[in-house]
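Below is one structure, written out as structure tokens; the observations come after it.
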Amino acid sequence: QRGMARRLKFDRRDYQRIEQGRNECPVGFLTKVTDLVDLFDQVADTIVDKALAADGGMSIVIDTDPRWEWERNVAGRAALLASAHPDRPEVKLIVMGQVQP
């Protein structure tokens with residue numbers, strides 16, 4: 001919630017109230033959410049495309065620092081998409097020096 005609210009440039013508490021149904025969505029809010037989801041998917045798809053183009057796949061180093069939550073989540077999504085892709089390009093996630101399958 002904190003990360004989504006920050007990305008949407010919205011107060012976290014107001015964002016929580018909207019999720020809980022206690023506040024109505026302001027005009028344009030759902031469009032912002034949809035645009036953010038589309039961007040997330042687009043970046044993850046781009047990573048998979050690059051892994052397909054790279055001979056032998058690719059590795060992505062991700063940081064556990066909370067400031068890098070978006071990047072970590074996109075990389076994780078890309079790794080999941082790659083594992084389900086018919087050509088199964090290899091996308092390895094490296095967290096703090098450890099390879100994650």
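The values are calculated or read from the model by the stated rules, or taken from the named source; none is laboratory data. Just so it is clear, the model here is predicted, and its values are computed rather than measured. Glycine also receives a Cβ, built like all others from the backbone with ideal geometry; neighbour counts cover every protein chain displayed. The protein model used for the area step is the full one, side chains on, heavy atoms only, and it has no ligands, DNA or RNA in it. Shrake-Rupley method; radii C 1.70, N 1.55, O 1.52, S 1.80 Å.
Summary of computed values
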{"item": "Close pairs from region 58-73: first more than 19 Å from Pro89 (Cβ to Cβ) and in a loop (DSSP other than H, G, I, E, B), partner modelled with pLDDT of 85 or more and open to solvent by less than 80 Å² (accessible area, probe 1.4 Å), Cβ under 8 Å, at least 6 apart", "result": "Asp63/Glu71; Asp63/Arg72; Thr64/Arg72"}
{"item": "Qualifying residue in region 19-40 (condition: within 19 Å of the chain's Cα centre (by Cα) and closer than 19 Å to Pro89 by Cα)", "result": "no"}
{"item": "Selection within region 6-25 - open to solvent by less than 90 Å² (accessible area, probe 1.4 Å) and assigned to a loop (DSSP other than H, G, I, E, B)", "result": "Leu8, Phe10, Asp11, Gly21, Asn23, Cys25"}
{"item": "Filter result for Gly3 (within 30 Å of Pro89 (Cα to Cα), part of a helix (DSSP H, G or I) and at pLDDT below 90)", "result": "yes"}
{"item": "Residue identified as touching a helix residue (DSSP H, G or I) at 6+ places or on another chain (Cβ under 9 Å), more than 20 Å from Arg6 (Cα to Cα), open to solvent by less than 40 Å² (accessible area, probe 1.4 Å) and in a helix (DSSP H, G or I) among Val33, Val48", "result": "Val48"}
{"item": "The listed residue being exposed (fewer than 15 other Cβ atoms within 10 Å of the Cβ) and touching a residue at least 40 places away in the same chain (Cβ under 8 Å), out of Gly3, Gly28", "result": "Gly3"}
